[in-house]
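Asker: Sharing a structure with you now.
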Amino acid sequence: MSAFARTPASAARGARRKGARHVLRFLAGSLFVLAAAAPSTGAGRPGEAAEAPPLGVEAAGIRLPAGFTATLFADGLGPGRHIVVRENGDVYLALRQPVDGKGVIGLRDVDGDGRADETARFGATGGTGIAIHDGYLYFSSDVAVFRAKLDAKALAPTGNVETVVRDFPRQSAHAAKSIALDDEGRLYVNSGAPSNACQERDRTIGSPGMPDCPLLARQGGVWRFPAGRTGMTQTADGTRFATGIRNAVALGWNPLAKRIFLLQHGRDQLGQLYPDSFTAEQSARLPAEELHRIEEGSDVGWPYTYWDAFQKARVVAPEYGGDGRTKAPAGKYQDPLVAFPAHWGPNAIHFYRGKQLPERYRGGAFVVFHGSWNRAPYAQEGYNVAFVPFAGGVPSGGWEFFADGFAGVPVVENPQNAQHRPTGIAEGPDGSLYVSDSVKGRIWRIRYTGEASDGASAR
């Protein structure tokens with residue numbers, strides 16, 4: 001049984017709270033968790049359990065594998081998004097909306113007790129992306145990317161904030177600009193599509209998809225920009241590096257593979273928009289959340305297709321003539337490296353480089369799931385951190401749960417019920433992991449305190 005399956009006791013508590021109808025829906029959701037959300041040993045194989053450490057006792061409100069512990073580095077910071085840690089241990093968190101007029105917060109543990117006791121707020125706009133390269137802190141709004149030179153001693157940057165690239169389309173949906181920089185300093189920016197499936201009338205029953213989806217001209221992909229430059233615009237200076245990506249909030253550079261990886265937020269509402277072809281249960285389970293390695297020219301297939309992990313195939317979207325069974329043209333769009341359960345909302349990815357964690361985690365990917373809102377008739381899922389082992393630049397063993405319990409409730413009926421929602425992840429200079437929260441602005445610090453798997457004690 002999955003370590004995340006609900007127990008009879010928790011189901012009984014739900015029955016007392018919600019009644020028999022809730023229990024039936026909950027049990028159905030649990031069966032799906034076991035069948036389709038159990039750790040997978042590869043792309044499109046939901047239900048095959050990977051060998052993984054069992055989750056241990058709760059620490060700081062979350063559950064981790066045995067030998068790991070979590071402590072609170074900071075709390076109550078505001079609606080957090082992505083997070084990054086400097087070589088000296090300073091932590092920087094992007095805020096979705098400014099707090100007291102500032103959109104980035106720096107945190108420093110002065111006395112070495114594992115908790116932040118000095119803070120500095122700066123940056124006038126809220127956003128999502130944040131990164132450090134060559135002494136600069138990069139951070140984004142929904143329409144631009146900025147940078148500021150980090151000071152050798154001060155927590156907050158002391159120089160002017162420079163605009164690196166501006167003039168991304170203004171939009172109300174999927175506006176978050178996640179960012180990554182490669183070893184050469186080239187900047188990659190996710191420009192999400194403000195659409196579910198590029199319908200003529202978005203999220204309207206039976207509305208067809210627009211031919212040659214016009215959104216892909218400036219959205220629905222990842223743009224690359226030259227290293228070290230400022231004052232750029234998307235249209236004049238950017239290269240559409242990869243396309244067919246609905247929205248990739250989880251975007252990261254793998255320094256070992258020397259490639260960009262991402263997970264896109266899969267499309268919604270197959271059953272609601274095409275009830276003749278999809279049931280509500282199918283709509284809750286489809287499509288998979290896809291992990292991809294992208295190269296220049298990659299096409300992930302949105303909006304024309306989606307990945308069906310149960311058929312182990314890319315199928316044509318109903319907006320473009322699909323019926324849930326018609327396969328996409330072979331070789332036209334790339335297949336995912338790993339398929340995760342539907343609607344979990346992947347929001348961050350980090351490739352582990354340190355040695356504080358046991359050997360099996362080195363070089364692997366930690367993926368943060370913000371949690372679903374549209375899995376009815378099942379309970380909402382996600383709200384966790386998963387781990388994907390890597391070898392030779394590709395996944396080597398599917399995926400497994402790494403951390404859970406962030407939501408703080410036994411059953412998430414609605415995302416608003418979640419006490420915390422993980423959204424960002426970063427690695428400290430000592431190899432510790434930091435996970436950010438988008439609800440109250442909590443930051444967890446995760447360390448390994450047991451005996452390392454390779455026989456060496458954790459530092």
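The values are calculated or read from the model by the stated rules, or taken from the named source; none is laboratory data. Worth saying up front: this structure is predicted, and the values here are computed from it rather than measured. Heads up, the Cβs are rebuilt from the backbone with ideal geometry, glycines too, and the neighbour counts pull from every protein chain shown.
Asker: Testing F122 on (1) within 19 Å of I443 (Cβ to Cβ); (2) touching a His at 6+ places or on another chain (Cβ under 9 Å), one condition comes back false. Which one is that?
Answerer: The number of the failed condition is (2).
Asker: Hey, can you tell me all the residues within segment 188-230 that are assigned to a strand (DSSP E or B) and closer than 18 Å to P169 by Cα?
Answerer: Answer for segment 188-230, where residues must be assigned to a strand (DSSP E or B) and closer than 18 Å to P169 by Cα: Y188, V189, N190, S191, G221, V222, W223, R224, F225.
Asker: Restricting attention to segment 273-283, does a residue exist that is crowded, with 24+ Cβ neighbours inside 10 Å and aliphatic (A, V, I, L, M)?
Answerer: no
Asker: Just to verify a result, which residue in segment 104-120, among those that are small (G, A, S) and part of a loop (DSSP other than H, G, I, E, B), is surrounded by the most Cβ atoms within 10 Å (Cβ to Cβ)?
Answerer: At the first step, the residues of segment 104-120 found to be small (G, A, S) are 106, 112, 114, 116, 120.
When the remaining residues are screened for being part of a loop (DSSP other than H, G, I, E, B), the result is 112, 114, 116.
On the way: G112: 8, G114: 12, A116: 22.
Looking at residues that are small (G, A, S) and part of a loop (DSSP other than H, G, I, E, B), I get A116.
Asker: Let me ask something additional. Given the condition of a type outside the set (D, E, K, R), in contact with a Gly (Cβ under 9 Å, 6 or more places away or on another chain), within 22 Å of L337 (Cβ to Cβ) and surrounded by fewer than 16 Cβ atoms within 10 Å (Cβ to Cβ), answer yes or no: does some residue in segment 416-434 qualify?
Answerer: No: zero hits.
Asker: Still on this structure: Suppose we keep only residues that are of a type in the set (S, T, N, Q) and without any contact (Cβ under 8 Å) to a residue 60 or more places away in the chain within segment 153-169. Which one would you say is nearest to D90 (Cα to Cα)? Even if it seems obvious, please write down each step before you answer.
Answerer: Pass one, segment 153-169, residues of a type in the set (S, T, N, Q): 158, 160, 163.
Checking which are without any contact (Cβ under 8 Å) to a residue 60 or more places away in the chain leaves us with 158, 160.
Details: T158: 15, N160: 20 Å.
Filtering segment 153-169 for residues that are of a type in the set (S, T, N, Q) and without any contact (Cβ under 8 Å) to a residue 60 or more places away in the chain, the one nearest to D90 (Cα to Cα) comes out as T158.
Asker: Is segment 153-160 home to any residue that is under 25 Å from the mean Cα position of the chain (by Cα), surrounded by 15 or more Cβ atoms within 10 Å (Cβ to Cβ) and small (G, A, S)?
Answerer: So far as segment 153-160 goes, no, none of its residues is under 25 Å from the mean Cα position of the chain (by Cα), surrounded by 15 or more Cβ atoms within 10 Å (Cβ to Cβ) and small (G, A, S).
Asker: Same structure again: Every residue in segment 170-187 that is in contact (Cβ under 8 Å) with a residue 60 or more places away in the chain and either surrounded by 15 or more Cβ atoms within 10 Å (Cβ to Cβ) or in a strand (DSSP E or B) (or both), please. Talk me through it step by step, then tell me what you get.
Answerer: Within segment 170-187, the subset in contact (Cβ under 8 Å) with a residue 60 or more places away in the chain is 174, 176, 178-183.
Result: H174, A176, S178, I179, A180, L181, D182.
Asker: May I ask you to say which residue of D276, D268, D323, D299 is touching a residue at least 24 places away in the same chain (Cβ under 8 Å) and closer than 27 Å to Q380 by Cβ? Step through it out loud before you land on a result.
Answerer: Working: D276 fails: touching a residue at least 24 places away in the same chain (Cβ under 8 Å); D323 fails: closer than 27 Å to Q380 by Cβ; D299 fails: closer than 27 Å to Q380 by Cβ.
The unique qualifying residue is D268.
Asker: How many residues, within segment 341-378, are more than 17 Å from H82 (Cα to Cα), modelled with pLDDT of 95 or more and aliphatic (A, V, I, L, M)?
Answerer: 2
Asker: Any chance segment 63-75 includes a residue that's modelled with pLDDT under 95, in a loop (DSSP other than H, G, I, E, B) and crowded, with 16+ Cβ neighbours inside 10 Å?
Answerer: For segment 63-75, residues modelled with pLDDT under 95, in a loop (DSSP other than H, G, I, E, B) and crowded, with 16+ Cβ neighbours inside 10 Å: present.
Asker: A follow-up question, please. Scan segment 142-152 for residues that are within 20 Å of L95 (Cβ to Cβ) and either surrounded by fewer than 16 Cβ atoms within 10 Å (Cβ to Cβ) or in contact with an Asp or Glu (Cβ under 8 Å, 6 or more places away or on another chain) (or both) and report the count.
Answerer: First pass over segment 142-152, keeping only residues within 20 Å of L95 (Cβ to Cβ): 142-148, 150.
Add one more test, that the residue is either surrounded by fewer than 16 Cβ atoms within 10 Å (Cβ to Cβ) or in contact with an Asp or Glu (Cβ under 8 Å, 6 or more places away or on another chain) (or both), and what stays is 143-144, 146-148.
Selection size over segment 142-152: 5.
Asker: Check whether at least one residue in segment 393-408 is under 19 Å from L251 (Cβ atoms), touching an Asp or Glu at 6+ places or on another chain (Cβ under 8 Å) and part of a loop (DSSP other than H, G, I, E, B), and report yes or no.
Answerer: No, that holds for no residue.
Asker: Being over 25 Å from R229 (Cα atoms) and among the aliphatic types (A, V, I, L, M) narrows it down to one residue among A148, A180, A120; which is it? Give the derivation first.
Answerer: Details: A148 fails: over 25 Å from R229 (Cα atoms); A180 fails: over 25 Å from R229 (Cα atoms).
Only one candidate passes the filter, namely A120.
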